[in-house]
Protein chains: 4
Amino acid sequence: MARHIYACPMRWSDMDAFGHVNNVVFMRYLEEARIDFMFTRAAEAGAGEFAGGSVVARHEIDYKAPLVHRPAPVTVETWVTRIGGASVTVGYEVKDTNEDGTELVYARASTVMVPYDLAAGRPRRISAVEREFLSHFLENEDVPAAA
Amino acid sequence: MARHIYACPMRWSDMDAFGHVNNVVFMRYLEEARIDFMFTRAAEAGAGEFAGGSVVARHEIDYKAPLVHRPAPVTVETWVTRIGGASVTVGYEVKDTNEDGTELVYARASTVMVPYDLAAGRPRRISAVEREFLSHFLENEDVPAAA
Amino acid sequence: MARHIYACPMRWSDMDAFGHVNNVVFMRYLEEARIDFMFTRAAEAGAGEFAGGSVVARHEIDYKAPLVHRPAPVTVETWVTRIGGASVTVGYEVKDTNEDGTELVYARASTVMVPYDLAAGRPRRISAVEREFLSHFLENEDVPAAA
Amino acid sequence: MARHIYACPMRWSDMDAFGHVNNVVFMRYLEEARIDFMFTRAAEAGAGEFAGGSVVARHEIDYKAPLVHRPAPVTVETWVTRIGGASVTVGYEVKDTNEDGTELVYARASTVMVPYDLAAGRPRRISAVEREFLSHFLENEDVPAAA
């Protein structure tokens, strides 16, 4: 029931001509959070095979509020919404948490990832050690399709 | 029943360390196609207010095949799947069409856009002239959520 | 004494929060022009080994005027300012040419490139066929270091 | 005689198809370091007008070693090499410092910046408070043009 917390650094150039973080750049933030979760943290837990290869099959994202660059990072929370035989779906929230505990959510999103066997050149099944790692982050929500 | 056809130029740097066009860059291709459709072409049709302001509310994208950089552009077809009171949903296909007419689809996607009144600082309704323009591109498909 | 002419497509997102094409993005335009020159055009001339590997050793760029996104491409002219034993220096101008022949130059730049033997993992010398190709674009100018 | 030290976060997508941080992305790292130096730190010192507007007039950069993405940031050191009447030149090193104090330098660069009066739409002179701030970082080196 844990969530992976990533303090995502922003760049000034993430803003577009409207002076907001561009909608496409949010996908870059999700990528950085996902890499921190599935590569770095999974590797620490002995489930490092994702780093050897995985493919994005699908993204969904709902934009909730505009985000402006500042020196401080923005938080990306990542968790698991579904573990299939040969795919895993993660949910995300991009947000700030205020001192009083209230949150300002900038975007909610989800990604379907497919583990990939680079040597064999084809998708592969989720391994037992990956399933064990991912199960610690599993929440039974459907995010954000129902929004 | 028409589709808007955009020949999207690729950049060598659109590829990531795996040697494929990165999944996030596909969203950039969609943005370029959408701007060509809703700004340039709509303005030619007298519906130029979109350029004055619009906000992306939601994206969905399904990746179907890997895409590698080459000098020739890739085709992005854009059409309209829903015209609401204060939003419009567009569908896209990123693809190549072979000489024999067969197609190789790299991605299917959709975006919900909300027209925005920048002066008033709030969303606004679709105007009559925008609705007239958009209706020429309306297809009654649900793309790609059902995939 | 010829120059290589590249019609460089712009993207809306090339603009930053100041509403101009960001200074870093100019380097991306130079990269695209260089690839079109040294990979595509050199390969057509039988000097295709650059595409097999080359490394940027140095850039210089002077910004002359602000550039704003529009649907039409911007011109990048590329030529050769020096052919060394194991490096080549190219000069560029990023500009528009008006109907009356006058020019608006946005930036002048130069790049030192080193051919690289990827298999051997080290720089290599310019080949005879490369030298022949490059010599057609050689101008005895020092651009823009003297500025 | 101080240098401004910026721990520059890297993104996985900063790598290109050759598996190295792309040469253009180094310019992005310099931009982030410059913003941290001239906007954030200068503002803390009461010299916040740079943030109100400044223009890049020139870049030079020499690439010294390839850089590969890793979770840890890369260091960008920034200092001042020249304070003119209406411009300031900064030098940079992008590098890692090993535990034994030895350094691996990936790039050396310099940028000429011109303060800009956005309201008046023209360059302006360096103010006394800016000169005072910048003088703490002044080194009498010519970097990297002499390389």
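Miscellaneous remarks
- Test: residue in the stretch A:77-92 that is acidic (D, E) and more than 19 Å from A:A2 (Cβ to Cβ): no
- B:T78 satisfies every condition listed in (1) over 22 Å from A:F18 (Cα atoms); (2) out of contact with any helix residue (DSSP H, G or I) (no Cβ under 7 Å at 6 or more places or on another chain); (3) among the hydroxyl-bearing types (S, T, Y) except (2).
- Yes/no for A:G121 being out of contact with any Leu (no Cβ under 7 Å at 6 or more places or on another chain) and at positive phi: yes
- Inside the stretch A:41-57, residues that are within 8 Å of another protein chain (Cβ to nearest Cβ) and polar (S, T, N, Q) make up a count of 0.
- D:E49 in contact with a Ser or Thr (Cβ under 9 Å, 6 or more places away or on another chain) and either modelled with pLDDT under 95 or under 28 Å from D:L118 (Cβ atoms) (or both): yes
- The stretch A:92-133, subset within 30 Å of A:V21 (Cα to Cα) and among the β-branched types (V, I, T), residue surrounded by the most Cβ atoms within 10 Å (Cβ to Cβ): A:V94
- Condition check for D:E60: more than 14 Å from chain C (Cβ to nearest Cβ) and surrounded by 13 or more Cβ atoms within 10 Å (Cβ to Cβ): no
- All conditions but one from (1) within 11 Å of chain D (Cβ to nearest Cβ); (2) within 18 Å of B:A17 (Cβ to Cβ) apply to A:M38; the one that does not is (1).
Listed here are the residues, each with its yes/no results for (1) of a type in the set (F, W, Y); (2) more than 27 Å from D:D36 (Cβ to Cβ); (3) surrounded by fewer than 19 Cβ atoms within 10 Å (Cβ to Cβ).
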position: A:V25; (1), (2), (3): no, no, no
position: A:V56; (1), (2), (3): no, yes, no
position: A:P66; (1), (2), (3): no, no, yes
position: A:R82; (1), (2), (3): no, yes, yes
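- Filtered by the rule that a residue be aliphatic (A, V, I, L, M), touching a residue at least 60 places away in the same chain (Cβ under 8 Å) and outside any loop (DSSP other than H, G, I, E, B), the stretch D:114-133 gives D:V114, D:V129.
- Leading residue by the ranking (farthest from B:V56 (Cα to Cα)) among those in the stretch B:97-113 that are hydrophobic (A, V, I, L, M, F, W, C) and touching a residue at least 60 places away in the same chain (Cβ under 8 Å): B:A107
- Of all residues in the stretch C:62-90, those that are touching a Lys or Arg at 6+ places or on another chain (Cβ under 8 Å) and either among the charged types (D, E, K, R) or more than 24 Å from D:V55 (Cβ to Cβ) (or both) total 11.
- Within the stretch D:104-137, the residues that satisfy the criterion of being within 29 Å of C:P66 (Cα to Cα) and among the aliphatic types (A, V, I, L, M) are D:A107, D:A109, D:V112, D:M113, D:V114, D:L118, D:A119, D:A120, D:I126, D:A128, D:V129, D:L134.
- The residue of the stretch C:70-85 that is farthest from the chain's Cα centre (by Cα), among those that are within 14 Å of chain B (Cβ to nearest Cβ) and either aromatic (F, W, Y) or closer than 15 Å to C:V105 by Cα (or both), is C:P73.
- A:V55 being within 25 Å of D:H69 (Cα to Cα) and either in contact with a Gly (Cβ under 7 Å, 6 or more places away or on another chain) or modelled with pLDDT of 95 or more (or both): no
- Residue check, D:V88 buried (at least 16 other Cβ atoms within 10 Å of the Cβ), more than 13 Å from the chain's Cα centre (by Cα) and within 20 Å of C:P66 (Cβ to Cβ): no
- Among the residues of the stretch A:1-35, the one identified as within 13 Å of chain D (Cβ to nearest Cβ), under 17 Å from the mean Cα position of the chain (by Cα) and over 23 Å from B:A17 (Cα atoms) is A:A7.
- Qualifying positions in the stretch C:78-122 - in contact with a Phe, Trp or Tyr (Cβ under 7 Å, 6 or more places away or on another chain) and at pLDDT below 95: C:P115
The values are calculated or read from the model by the stated rules, or taken from the named source; none is laboratory data. Only a predicted model underlies this, so the values are computations on that prediction, with no experimental measurement involved. Here the Cβ is made from the backbone with ideal geometry for all residues, glycine too, and neighbour counts use every protein chain on show.
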